[in-house]
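Before any comments, here is the structure.
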Amino acid sequence: MKFEKGLAAVVTGGASGLGKASAEALADAGFKVAIFDVNEDGGNAAAEAIGGSFHRVDITDEQSVLDGYEAARAANGQERVLVHCAQISKGGKTVGYDKTMGGYKRFPSEDYAFSTQGILVASYRMASIAALGMAGADPLNEDGERGSIILTSSAAAQDGQVGQIAYGSCKAGVNGLVLPMARDLMDLGIRVNSIMPGIFATPPMLAVKDRAPQIFDNLGASVPFPKRLGNPEEFGSLVLELARNSYFNGQALRLDGAIRMPPK
């Protein structure tokens with residue numbers, strides 16, 4: 001995709017972390033960026049900093065997402081890039097010992113369903129609605145390209161740890177969306193890829209640094225090279241390459257410093 005100043009992009013979870021870095025990278029490349037998030041203060045501040053627009057969107061609510069896309073398109077035009085970073089889930093072991101109850105308990109099905117809605121279903125929702133809009137847009141180049149969809153998976157999709165039964169399997173499901181969706185959309189000129197980040201210096205991890213610096217340092221040291229947590233800007237850099245390089249399609253890419261997560 002040739003980056004022309006004024007093309008529109010949508011970034012979910014753009015109020016902080018990987019989403020914010022993605023929004024900044026796209027804005028620096030000349031895109032008009034719409035940030036979708038439930039964090040109104042952070043989202044407005046992030047959008048103002050890059051000259052974009054903020055839209056309060058709950059990714060688990062279909063009407064909220066539809067309204068967000070409508071508002072973003074009214075502000076910036078049809079998005080040609082979607083970067084979906086937002087997600088919600090719950091953690092817990094399939095079966096674990098509950099000291100309070102004095103016995104074993106199962107990870108509730110409703111908590112698994114909640115995670116499925118917050119990760120897998122939300123990824124399909126965001127991508128399919130973006131694709132529907134892109135399908136009616138004019139091609140951007142001689143290949144007939146109309147847009148690029150970038151989903152956020154996780155290294156946990158392949159290295160799910162103890163207590164990540166919902167998170168790991170749902171992130172694996174995000175990778176599972178990529179190839180069939182890319183094939184569904186190939187005649188429309190819409191590409192689909194996912195990124196599997198390892199351990200990144202996002203706000204939750206920086207909170208660990210403040211609370212338990214030794215644990216934070218150990219996490220960085222566990223990365224083969226470079227021996228540190230990933231910088232969100234490195235995620236944003238890969239977002240730009242996936243959007244720019246038209247031959248990236250149907251791929252799930254690890255971005256993790258070669259780490260392979262242990263069981264726990």
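Put one equal scatterer on each alpha carbon of the range 119-163, apply the Debye formula with no solvent term, and list log10 I(q)/I(0) at q = 0.14, 0.22, 0.29 1/Å to two decimals.
Values, matching the q order: -0.49, -0.80, -1.03.
Work out the length of the dipole vector of the range 1-117 about its Cα centre, built from +1 on the beta-carbon of each Lys and Arg and -1 on the beta-carbon of each Asp and Glu, and round it to the nearest 20 debye.
Here the range 1-117 has a charge dipole of around 460 debye.
Sketch the reach of a paramagnetic label on Glu70 as a point 7 Å from Cα along Cα-to-Cβ, and name the residues of the range 119-155 whose backbone nitrogen lies under 16 Å away.
129-130, 133
Can you classify the range 149-240 as rounded, prolate or oblate using the Cα gyration tensor, where a ≥ b ≥ c are the square roots of its eigenvalues, rounded means a/c under 1.5, and otherwise it's prolate if a/b beats b/c and oblate if not?
prolate
If you take the alpha carbon radius of gyration of the chain and divide it by 2.2 N^0.38 Å, what ratio comes out, to two decimals?
With N residues counted in the chain, Rg over 2.2 N^0.38 Å equals 1.01.
222 nm [θ] for the chain, helices only, -39500 (n - 2.57) per DSSP H run of 4+, per residue, to 500?
-13500 deg cm²/dmol
Suppose we flag GluC sites (Glu not before Pro) only when DSSP calls them loop and at most 14 other Cβ atoms lie within 10 Å. Which is the longest uninterrupted stretch of the chain?
That would be 5-141.
Would you work out if the range 82-235 is rounded, prolate or oblate? Take a ≥ b ≥ c from the square roots of the eigenvalues of the alpha-carbon gyration tensor; rounded if a/c is under 1.5, else prolate when a/b is larger than b/c, oblate otherwise.
oblate
Name the trypsin sites (Lys or Arg not before Pro) in the range 171-242 that are in a loop by DSSP and that have at most 15 other C-beta atoms within 10 Å, would you?
When the trypsin sites (Lys or Arg not before Pro) of the range 171-242 are filtered for loop state and at most 15 Cβ neighbours within 10 Å, Lys227, Arg228 remain.
Taking the Cα of Leu255, stepping 7 Å toward and past its beta carbon, and measuring to each backbone N in the range 21-36: which are under 13 Å?
Answer for this model: 21-26.
How many nm separate the modelled label positions at Ala113 and Asp98, each set 7 Å beyond the Cα in the direction of the Cβ?
For Ala113 paired with Asp98, the spin-label model returns 1.8 nm.
Along Cα→Cβ, 7 Å out, is where each label goes; now give me the distance between the ones at Asn44 and Gln63 in nm to one decimal.
In this crude spin-label approximation the distance works out to 2.4 nm.
Out of the chymotrypsin sites (Phe, Trp or Tyr not before Pro) in the range 91-139, which ones are loop residues according to DSSP with at most 12 other C-beta atoms within 10 Å?
none
Under 5 Å between amide H atoms, partner at least 5 residues away or on a different chain: which partners does Gly14 have, H built in plane at 1.01 Å?
Phe36
If you take every DSSP beta bridge whose two residues both sit in the chain, what share of them, in percent to the nearest 5, is antiparallel?
Of all bridge pairs located within the chain, approximately 10 percent are antiparallel.
Spin-label point model (7 Å from Cα, Cβ direction): what's the Gln214 to Ala135 distance in nm?
It works out to 5.7 nm between the two label points.
Gain in length, Arg183 to Ala221, computed as 0.36 nm per residue apart minus the alpha-carbon separation, to one decimal in nm?
Full extension from Arg183 to Ala221 adds 9.7 nm.
In straight Cα distance, which lysines are under 25 Å from Lys2, not counting same-chain residues fewer than 8 positions off?
Of all the lysines, those that pass the test against Lys2 - Cα under 25 Å, at least 8 places apart if same chain - are Lys20, Lys32.
Reachable aspartates and glutamates from Lys5, Cα under 12 Å, same-chain residues fewer than 8 places away excluded?
Asp28
Taken together, the values in this text are just the output of simple stated rules run on the coordinates, not laboratory data. This one's a predicted model, so the numbers in the text were calculated from it and none came from an experiment. FYI the Cβ positions are ideal-geometry reconstructions off the backbone, even for glycines, and counts take in every protein chain you see.
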